[in-house]
1. Length gain on complete extension for the stretch residue 46 to residue 107, per 0.36 nm per residue less the alpha carbon to alpha carbon distance?
2. Starting from the amide H of residue 78, placed 1.01 Å from N in the peptide plane, find each other amide H under 5 Å away whose residue is 5 or more places distant or on another chain.
3. Using 0.36 nm per residue, how much length does the chain from residue 116 to residue 3 gain when fully extended, once their Cα-Cα distance is taken away?
4. For the charge dipole of the range 4-136, defined by +1 on Lys and Arg C-beta atoms and -1 on Asp and Glu C-beta atoms about the Cα centroid, which residue among 67, 27, 119 has the Cα displaced farthest towards the positive pole?
5. Given the -39500 (n - 2.57) contribution per DSSP H run of 4+ residues, what per-residue ellipticity at 222 nm results for the chain, rounded to the nearest 500 deg cm²/dmol?
6. What is the calculated FRET efficiency for residue 88 to residue 35, with r their C-beta to C-beta distance and R₀ = 30 Å, to the nearest 0.05?
7. Using just the C-alpha positions of the range 50-134 as equal point scatterers, what log10 of I(q)/I(0) does the Debye formula give at each q in 0.15, 0.21 1/Å?
8. Using label points projected 7 Å from each Cα along Cα→Cβ, tell me how many nm separate residue 99 and residue 17, to one decimal.
Amino acid sequence: MSISGALKTVSKIANQIDNVELHRALIELQNDVLALTEERATREGKIAELEKALELKGKMKHYRSVYWLVDGENIEGVFCSKCFDIDHIMCRMVITKTEGQRWISCQNCKIEIDSYLAYTYIQRNKIPEDILNLKS
Ligand SMILES: [Zn+2]
């Protein structure tokens, strides 16, 4: 019998008994069960959120100052190290300076880095050969 089923049975029996203390205790018990049910739903949501974050963290590979999302045969990038490590968010980096330089930057935290590999990936949208060894 489930908790809610047991509570209904106890409520039916309590309605046959004229006892104020019993009714108060039953109401308190119903409120506690409701609070525990809500707390369990919140925790289950948090666990699902953490499992998803853990799975994502396992797929994020740090290489040459940036993160790459390696999901089986698919590699996607590049993502800001600072934003992922500190704020736990994935921020795609973009090319910011092209004249003789290979700077890329994060549109969120505005950090700029000089990375030939990441720059080349963004510019050509082609995975550089040496990134292929990141696959697990
Ligand atoms: Zn950033």
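Taken together, the values in this text are just the output of simple stated rules run on the coordinates, not laboratory data. Only a predicted model underlies this, so the values are computations on that prediction, with no experimental measurement involved. So basically every Cβ, Gly included, is an ideal-geometry build from the backbone, and we count neighbours across all protein chains shown.
1. 19.1 nm
2. 93
3. Extending this stretch completely gives an extra 34.6 nm.
4. Ranked along the dipole, the leading option is 119.
5. Computed mean residue ellipticity for the chain: -16000 deg cm²/dmol.
6. The value I calculate is 0.50.
7. Log10 I(q)/I(0), no solvent term: -0.51, -0.96.
8. Rounded to a tenth, the inter-label distance reads 8.8 nm.
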